[in-house]
Amino acid sequence: MVYYYSSNLGYHFDYMKRLFGITLIILTWLFHAPISAQQHSTVFTEQVKKGKITGTLWYSDLFNSGADKKQVDSIYQDILNLPPHQNQLINIQLAYAEAVNRKGGNETAIELLDKLADTIELCSNLEKSDYYSVLGVISLASANPELALKYADKAIALMTDTTHHETYQKKLMRRGVVLNALELHEEALQQFLEAEQLNPYSKHERNKLYLKLNKAVCFLNMDKPEEAKEVFLEAVEITKTQKDHYALIRTYGNIADIYRSQDSLLKAEAYYFKAIDAAMLYEQHHDLFSFYQGLSNIYVKQGDFEKAFYAKVFSDSIDAIYNGSEVVDNITQLEVKNINYHNKLEQELQATKHKQEQLASQNEINTRNYLIIISVILTVSILLVLIIIFFRYRKTKEQNQLIAAQKRIIDKEKKATEDSINYAKEIQTQLLQKWNDFQDYFPKAELVYLPKDIVSGDFYWFNTDKEHTLIAVGDCTGHGVPGAFMTILCLNILAELEKQNLRSCTEIMNQFNEMLMQKLQGKNADNDKFGLELSLCRINRTKKELVFIGTKQRMLIVKKNGSTKELKGNKAAIGQLNQEFSEQKECIEDGDVLYIYTDGMPDQKGGINGKKLFYKPFNELLINTSKLPANERKNHLLNALEQWKGNQAQIDDITIVSIEI
């Protein structure tokens with residue numbers, strides 16, 4: 001169960017020795033309660049005389065010091081006999097009604113509030129608010145939370161002066177308790193948090209404590225036991241400081257219940273004992289029934305049925321006392337249960353001893369027989385294991401021989417495949433022009449050509465005459481063998497176009513696209529999977545002019561003065577019908593560096609996060625490379641690629657052409 005304003009305790013004891021003693025302690029408390037009431041009333045009436053007790057909230061603290069209804073009644077009579085407190089009479093009566101309701105005097109509380117119904121209308125808003133707040137408490141105790149919520153809302157609405165921080169805070173807390181009872185736990189938690197915001201302005205430490213405890217109960221109802229336990233454990237020391245024994249006992253009880261629900265049985269047992277000892281020490285016996293019931297459940301789980309039995313006896317006896325049974329009858333019942341239980345135990349022990357003696361000799365014979373049987377079983381088992389191992393070894397040997405034969409076949413086929421691909425590489429290399437021939441016209445030109453696999457899907461091509469140089473850099477769809485087939489096809493088309501002596505980049509690109517589609521699948525070859533990205537440049541070496549046309553590729557010009565110009569290709573695609581290609585013209589001069597490239601290096605993954613390099617950092621790399629002597633540029637780019645790539649694999653073919661005019 002959940003204790004609203006909680007409890008718990010701990011040390012072990014011998015149940016049989018303490019059974020009678022516990023009952024006597026309860027009897028002593030029942031007969032001596034008036035003495036405690038007198039002591040409490042004396043202390044607090046002195047505070048009333050000195051004017052330290054004013055307002056319903058503070059009188060509530062006074063009445064809450066009473067352990068039961070008799071003590072509360074005694075304190076009430078003492079206060080009424082003190083002159084003159086007529087101006088505080090409403091506050092005293094409201095606080096008394098609330099306290100006596102908590103101690104079981106629900107009818108007394110309702111009767112008193114009925115008498116105050118007419119008088120309260122002539123009082124201040126604050127006193128009216130206190131009146132409806134107490135009505136809410138009594139309604140909740142009468143199992144009518146819906147009505148309690150209406151009274152709680154009305155009490156808060158009447159708090160027109162919220163500078164009474166302590167009183168306002170307590171009414172917010174009471175509304176949260178009602179919401180909790182209505183199972184509106186999230187809303188209740190928000191109400192408690194709102195009330196906690198008044199902590200810096202409140203001098204009423206007990207309010208703060210009970211806010212914390214009710215918030216923990218809310219966490220329990222929301223099925224958040226860890227959050228609840230943390231708050232309860234924080235509250236333990238506060239309850240000791242405040243000397244709030246009622247809250248301390250129930251806080252121990254809640255902690256014990258949480259540990260028990262989590263099967264932390266030793267911790268739960270310790271906190272139940274703390275609750276029991278505190279309840280005895282401070283004469284707060286109302287929850288002892290639940291604590292012993294919890295202990296009984298723990299011992300059942302642990303299989304200690306003797307302790308479980310005595311804990312259940314304590315629980316039932318305390319319950320009987322509070323339900324009005326005769327104390328003497330209860331003690332007699334306890335003694336009878338104790339005697340009967342021990343007689344039963346003695347009979348069982350004698351029967352067990354006799355049975356053990358009979359079985360001892362039989363066990364010796366059985367043990368000898370078992371040893372013989374076990375020896376035979378072990379011998380047979382060892383033989384079976386050896387046989388199984390032998391057959392498995394033979395089978396494994398055959399399987400290994402089969403695997404070795406299959407591996408030889410696979411290795412042979414792999415070698416044949418690799419030889420074929422290497423031969424394809426030789427063919428591709430022969431089809432690609434010698435870069436030295438290009439350097440005859442541009443001595444400071446460099447080429448980075450790195451296939452991802454043995455063969456490449458990238459290619460380059462150039463053609464020169466006395467005045468012009470044409471250079472193309474292409475990236476066919478795919479890489480490896482499929483890409484290599486496309487490069488061979490593209491190089492053949494460019495060779496055919498070379499014979500036509502075409503000089504217009506646009507005308508070359510249009511003719512190239514048409515011939516590629518015819519060679520693939522005829523006029524209907526409108527498919528991205530047969531496409532490629534192509535950059536085509538025409539350089540007029542005499543007039544220093546550059547014409548560029550590209551399809552989804554770009555080039556970079558790094559001027560002699562350090563400025564740069566990036567030329568981006570068309571969105572038109574090669575390998576599709578009805579494409580329009582447009583060219584771009586630029587003036588160049590000696591010392592300018594041109595870069596024509598595929599997307600292999602910008603798309604390469606690497607760096608700390610394994611992301612792509614992208615074009616902006618790649619262009620910055622090209623700009624820095626152009627500052628180096630021409631013969632160092634290629635190695636600089638290769639080193640930069642390795643540093644960026646790190647342990648990552650190359651993901652695409654890479655081609656970079658650099659030309660210094």
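The values are calculated or read from the model by the stated rules, or taken from the named source; none is laboratory data. These figures come from a predicted structure and were not determined experimentally. FYI the Cβ positions are ideal-geometry reconstructions off the backbone, even for glycines, and counts take in every protein chain you see. These area figures cover heavy atoms from the full protein model, side chains too; ligands, DNA and RNA do not enter into them. Shrake-Rupley method; radii C 1.70, N 1.55, O 1.52, S 1.80 Å.
Scanning segment 438-463 for residues that are more than 27 Å from residue 627 (Cα to Cα) and either of a type outside the set (Val, Ile, Thr) or open to solvent by 20 Å² or more (accessible area, probe 1.4 Å) (or both) yields 452, 453, 454, 456, 457, 463. Within segment 600-626, track down each residue that is more than 19 Å from residue 647 (Cβ to Cβ) and touching a strand residue (DSSP E or B) at 6+ places or on another chain (Cβ under 6 Å). Those that are more than 19 Å from residue 647 (Cβ to Cβ) and touching a strand residue (DSSP E or B) at 6+ places or on another chain (Cβ under 6 Å): 619, 622, 623, 626.
Of the residues 248, 209, 193, which is touching a helix residue (DSSP H, G or I) at 6+ places or on another chain (Cβ under 7 Å) and surrounded by fewer than 23 Cβ atoms within 10 Å (Cβ to Cβ)? Give the derivation first.
Working: 248 fails: surrounded by fewer than 23 Cβ atoms within 10 Å (Cβ to Cβ); 193 fails: touching a helix residue (DSSP H, G or I) at 6+ places or on another chain (Cβ under 7 Å).
When all the criteria are applied, what remains is 209.
Filtered by the rule that a residue be buried (at least 21 other Cβ atoms within 10 Å of the Cβ) and touching a Pro at 6+ places or on another chain (Cβ under 9 Å), segment 595-642 gives a lone residue, 618.
Picking from residues in segment 559-578 that are closer than 23 Å to residue 518 by Cβ and of a type in the set (S, T, N, Q), the one that is surrounded by the fewest Cβ atoms within 10 Å (Cβ to Cβ) is 578.
Name the single residue, out of those in segment 104-120 being of a type in the set (S, T, N, Q) and open to solvent by less than 60 Å² (accessible area, probe 1.4 Å), that is farthest from the chain's Cα centre (by Cα).
This residue is 108.
Return yes or no: is residue 400 over 24 Å from residue 632 (Cβ atoms) and of a type in the set (S, T, N, Q)? For residue 400, the condition - over 24 Å from residue 632 (Cβ atoms) and of a type in the set (S, T, N, Q) - is met. In segment 131-184, the qualifying residues are those that are part of a loop (DSSP other than H, G, I, E, B) and in contact with a helix residue (DSSP H, G or I) (Cβ under 6 Å, 6 or more places away or on another chain), and the one that is most open to solvent (accessible area, probe 1.4 Å) is 160.
The single condition among (1) part of a strand (DSSP E or B); (2) surrounded by fewer than 21 Cβ atoms within 10 Å (Cβ to Cβ); (3) aromatic (Phe, Trp, Tyr) that residue 548 does not meet is (2).
Scanning segment 514-545 for residues that are at pLDDT 85 or above and either in a loop (DSSP other than H, G, I, E, B) or of a type in the set (Ser, Thr, Tyr) (or both) yields a total of 5. Considering (1) surrounded by fewer than 10 Cβ atoms within 10 Å (Cβ to Cβ); (2) under 30 Å from residue 494 (Cβ atoms), the lone condition that residue 365 does not fulfil carries the number (2).
List the helices (runs of 4 or more DSSP H) that sit entirely inside segment 222-289 and contain at least 2 residues that are aliphatic (A, V, I, L, M), touching a residue at least 24 places away in the same chain (Cβ under 8 Å) and closer than 27 Å to residue 179 by Cβ. Explain how you work it out, then say what you get.
Working: elements: 225-242, 245-261, 265-281.
The helices (runs of 4 or more DSSP H) meeting that bar are 225-242, 245-261.
Among residues of segment 99-115 that are hydroxyl-bearing (Ser, Thr, Tyr), those with a Cβ under 7 angstrom from a residue that is at pLDDT below 75, sequence gap 6+ or separate chain, pair up as 108/100.
The residues of segment 196-206 that are among the charged types (D, E, K, R) and either buried (at least 18 other Cβ atoms within 10 Å of the Cβ) or outside any helix (DSSP H, G or I) (or both), listed by number, are 196, 203, 206.
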